[in-house]
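First comes the structure, then the notes that go with it.
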Amino acid sequence: MPSIYATALTFDLPDGARLLDGIDLALGPGRHGLLGHNGAGKSTLLKLLAGQLRPTGGSVTVHGTVGYLPQAVAADPTQPVAGWLGIEPQLAALAAIEQGSVDPADFETVGSDGWDVAQRARATLDRLGLQTIELDRPAGSLSGGEAVLLALSARLLARPSVLLLDEPTNNLDTQARARLYEAVDQFAGLLVVVSHDRALLDRLDQIGELSQGHLCWYGGGFAAYREAKAAEQAAAQQAVTTAGAQVRRQRRDLAQAETKQARRDRSGRALAGRGAAGSMPKGASNWHQNRAELTAGRSRGLHQARLEAAKEELARAQAALPEHTKLAIDLPGTAVPAGRTVLELTGVRPAHTDLNLDLIIRGPERLAITGPNGIGKTSLLRVIVGQTEPTAGQAALRVPARLAPQSLDLLDDTLSVLDNVLAAAPRAAPAQVRSQVAKLGFRGRAAEQLAGTLSGGERWRANLAMLLLACPAPQLLLLDEPTNNLDLEAVDLLVQALAAFRGALLVVSHDEPFLAELDLTGRLDLARHQEPA
């Protein structure tokens, strides 16, 4: 039976910061998900389980053959598909045998189970929707989504009993995602998936949330996880409410005790005065005064201790509340009048595509660009901003525009957050930029923090600041698969930021829940703009 065990698993970053802190793990056959904030260590944990990294402390034991699919699929682009699949030597040996070779080395290369490797490879590719991909095709000619599916095919072809997938649906179109979901459903071994794809997470047996170096498991898919988290948040909020009420109660009790004590003090002074006047023996007067002072000190100390304990409980309850950054950014410079022409495409054909596109965008239109992998969505965005020239037609951009590529990373790690944004907005007033950066969560000294020291979530917000606060202000924003690798909170922040953006928007995405949260005015399906081959 395939299994993964981890004991006291610890991993420290090169700067000494602890990323994973004593994680214990026991997984058997089934489908297990991992999610958490950007920078929480999900990919690192998966690499530790795959044996790609050595832990700082603790141990990992895996029973079964492992197939590991990283986020970034890297290989020689000149290598044929068969090479990516790892079957090129076997195919060459089979071809030699068919031509009459009796060399033992060829038979050894084929092995006992390699005689049908070409048929199995073809069946695996076909199952994942790669029917048109031939085994001798250069892998560098594939789209990003096709490359991900090809890499998954290579892992499945090796017949692993333990399969580790890191954000496998990135760059996949709707149909490709459906095929990957089917492959996940059919996998009979032990599967661990790092993902923020809500549809994929809903197909899993349990979900582990990685936070502050620790791992907490929730039974069921994403819907069950979300329900459990909502209950946790409600309980945490109730704990804060209860602790706050207790603090107020203890403050009230302390005030009442001090009022009563003030009355006693007045009575004590009156008794002391009577003793001084001779109406009460002096010894009795002193006894009453000392007893009152001792009782007052004890009462005050007791109420102070109770108040401090209540304050500490309130602090613990507040610390347990989940952190949610809320954006309050205002972007008036991005506004576009309703009738103004933003973009005009006339017979545009991006290189290496069959597209023929006519398009006019006026005013703050917001379009989703959809289409299957490899159709040319990214190529079209690059033509629009002038990064590449079309092979036919003309693209006329009438307003300032900014393109956010799939791997959104615009930061210079040696500069502060503020200086990075000022580099993108050289004509803007520093005080104004600082104010806007604060609305993106970088207040005070946080704006002076070096980009290289930011957490994953902070880095995303800093990139968002560079994109939205650029000068001149972008009036057309082009986003290429913006939710790839983003945690769920970061997606919420992106939706908030785009709600504040007043210009035109073109967004390439296969994340349907994300698109549903945007105020779109329409969709541009590139499949309808292909010319017959």
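Rounded to the nearest 10 degrees, the angle from helix 430-439 to the longest Cα principal axis of the chain is 90 degrees. Charged side chains reduced to their Cβ positions (Lys and Arg at +1, Asp and Glu at -1) give segment 332-529 a dipole of some 720 debye around its Cα centre.
Could you tell me the calculated FRET efficiency between ALA123 and GLN233, based on Cβ-Cβ distance and R0 = 41 angstrom, to the nearest 0.05?
0.35
Taking the Cα centre of the chain as origin and assigning +1 to Lys and Arg Cβ atoms and -1 to Asp and Glu Cβ atoms, the resulting dipole is close to 4360 debye.
At q = 0.16 Å⁻¹, work out log10 I(q)/I(0) for segment 140-223 with the Debye formula, treating every Cα as an identical point scatterer and leaving solvent out; two decimals please. Those come out to -0.66, one per q. Taking trypsin sites (Lys or Arg not before Pro) in DSSP loop conformation with at most 10 other Cβ atoms inside 10 Å as exposed sites, the chain has its longest uninterrupted site-free stretch at 1-325. Quote the FRET efficiency, to the nearest 0.05, computed for GLU531 versus ALA335 with a Förster distance R0 of 30 Å and r equal to the Cβ-Cβ distance. The computed FRET efficiency comes out at 0.25.
Were the residues from ALA396 through LEU13 laid out at 0.36 nm apart, the gain over their Cα-Cα distance would be 133.2 nm.
Can you pull a Stokes-Einstein diffusion coefficient for segment 332-529 at 25 °C (0.890 mPa s), Rh from Kirkwood over Cα pairs, as a whole number of µm²/s? Before the final figure, lay out each step's value.
Values: Rh = 17.4 Å.
D = 141 µm²/s.
Charge tally for SER509 (other residues, Cβ to Cβ under 14 Å; Lys, Arg +1; Asp, Glu -1): -3.
Taking every lysine pair in the chain that is 8 or more places apart or spans two chains, those with Cα atoms closer than 27 Å amount to 10. Relative to the longest principal Cα axis of the chain, at what angle does helix 117-127 sit, 0 to 90 degrees, rounded to 10? Its long axis makes an angle of about 60 degrees.
With respect to the chain, whose longest principal axis is taken over its alpha-carbon atoms, helix 144-157 is tilted by about 80°.
In this structure the amide hydrogen of LEU518, modeled in the peptide plane, comes within under 5 Å of no amide hydrogen from residues 5 or more places off or on another chain. The slack in the chain from ALA438 to CYS471, taken as 0.36 nm per residue of separation less the alpha-carbon distance, amounts to 10.1 nm. Work from the charge dipole of the chain (Cβ charges, +1 for Lys and Arg, -1 for Asp and Glu, about the Cα centre) and give the residue of LEU94, HIS529, LEU515 farthest towards its positive end. My answer, from the dipole projection, is LEU515. Among rounded, prolate and oblate, which fits the chain when a ≥ b ≥ c are the square roots of the eigenvalues of its C-alpha gyration tensor, a/c under 1.5 means rounded, and a/b larger than b/c means prolate? It is oblate, given that a/c is not under 1.5 and a/b is not larger than b/c. Of the residues GLN449, MET466, ALA428, the one whose Cα sits farthest toward the positive end of the charge dipole of segment 426-469, with +1 on the Cβ of Lys and Arg and -1 on the Cβ of Asp and Glu, is ALA428. The share of Cα pairs per 5 Å bin across segment 3-228, counted from zero up to the longest distance, runs 1, 6, 14, 16, 17, 15, 12, 9, 6, 3, 1, 1, 0 percent. Taken about its Cα centre, segment 106-153 carries a charge dipole of roughly 260 debye when the Cβ of each Lys and Arg holds +1 and the Cβ of each Asp and Glu holds -1.
Estimated from helices alone, the mean residue ellipticity of the chain at 222 nm is -14000 deg cm²/dmol (sum of -39500 (n - 2.57) over DSSP H runs with n ≥ 4, per residue). Here the Karplus curve 6.51 cos²θ - 1.76 cosθ + 1.60, taken at θ = phi - 60°, turns the phi angles of segment 97-106 into couplings of 5, 4, 8, x, 5, 10, 5, x, 5, 5 Hz, with x standing for Gly and Pro.
If you plug the beta carbon distance of ARG54 and GLN212 into 1/(1 + (r/R0)^6) with R0 = 30 Å, you get a FRET efficiency near 0.85. Within the chain, the longest run free of GluC sites (Glu not before Pro) that sit in a DSSP loop with at most 12 other Cβ atoms within 10 Å is 324-533. Projecting label points 7 angstrom from Cα along Cα→Cβ for TYR5 and ASP412 puts them 5.2 nm apart. With 0.36 nm allotted per residue and the present C-alpha distance subtracted, the THR132-ARG427 stretch has 101.1 nm of extension available.
Bear in mind these aren't lab numbers, they're just calculated from the coordinates by the rules spelled out. Treat the numbers as computed from the prediction; the structure is a model and nothing was measured. Methodologically, a virtual Cβ is constructed for each residue, glycine included, from the backbone with ideal geometry; neighbour enumeration extends over all protein chains shown.
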